[in-house]
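The values are calculated or read from the model by the stated rules, or taken from the named source; none is laboratory data. Because the structure is predicted, anything quoted here is derived from the model rather than measured. Note that each Cβ is placed from the backbone with ideal geometry, even for glycine, and that neighbours are counted across all protein chains shown.
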Amino acid sequence: MWSSTRILLVLFLSRNLRIRSLLLAVTLAACVLCAAGASPSHSVTRDGASSVDQAVRAFMQTVSHSVTQDGPMAWVKYFDASPAFFMAVNGQMAFPNAAAAQEGTRTFAQAIRHIELKWGEDLRVDPLTNEFAVVAVSWREIQVDTAGHSVTETGYFTGLAEYREGHWKFRDAHWSSPVSSH
């Protein structure tokens, strides 16, 4: 009897030990995987926020100058080419991805002879990390079509600027214009 009790005790302890070992192994594996997948905090320091703010302000001025000088097709180089890009206009999805934005911009550019884009003095830059910043600003745009007709539009622009591969680009954008009271 002693030997069968001893065998049962050993089996019980062995089973308990295996369960504990298994739980320990699973816990350890989870901790290792979490640590391997975890990235260091991307929070931005005060100096980093100031640098991002200045860089994004310069980027916004570059965009305005380039669009005014080179026309609507200049926009394409400032849109993120990844599938993450989208653009909304007045609360409606205008371009669900970068390919649609490129095609839409090409079509629009064929109808425009000249465009002048000016950002307002109220530009706001909210640095989120060293690679991301939210921008918000009023805008005024004069468009002259191929027939010589001029249209002036105003509104507000918001977007997410992303710094990748040495350049700032818009990862997403939203244009809004005041609703006509007619």
Q. What single numbered condition from (1) surrounded by 15 or more Cβ atoms within 10 Å (Cβ to Cβ); (2) modelled with pLDDT under 95 fails to hold for residue 123?
A. (2)
Q.
I'd like to know if segment 138-156 contains one or more residues that are among the basic types (Lys, Arg), assigned to a strand (DSSP E or B) and closer than 27 Å to residue 45 by Cα.
A. no
Q) Inside segment 135-182, can you point out the residues that are closer than 18 Å to residue 124 by Cα and out of contact with any strand residue (DSSP E or B) (no Cβ under 7 Å at 6 or more places or on another chain)? A) 163
**Q.** First in segment 67-83 and touching a residue at least 60 places away in the same chain (Cβ under 8 Å), second anywhere and aromatic (Phe, Trp, Tyr) and outside any helix (DSSP H, G or I), Cβ under 7 Å, 6 or more apart
**A.** 78/170; 79/85; 79/170; 80/170
Q. Can you find even one residue in segment 140-149 that is crowded, with 17+ Cβ neighbours inside 10 Å, in contact with a helix residue (DSSP H, G or I) (Cβ under 9 Å, 6 or more places away or on another chain) and closer than 25 Å to residue 164 by Cα?
A. no
(Q) Suppose we keep only residues that are polar (S, T, N, Q) and in contact (Cβ under 8 Å) with a residue 60 or more places away in the chain within segment 141-182. Which one would you say is farthest from residue 60 (Cα to Cα)? (A) 177
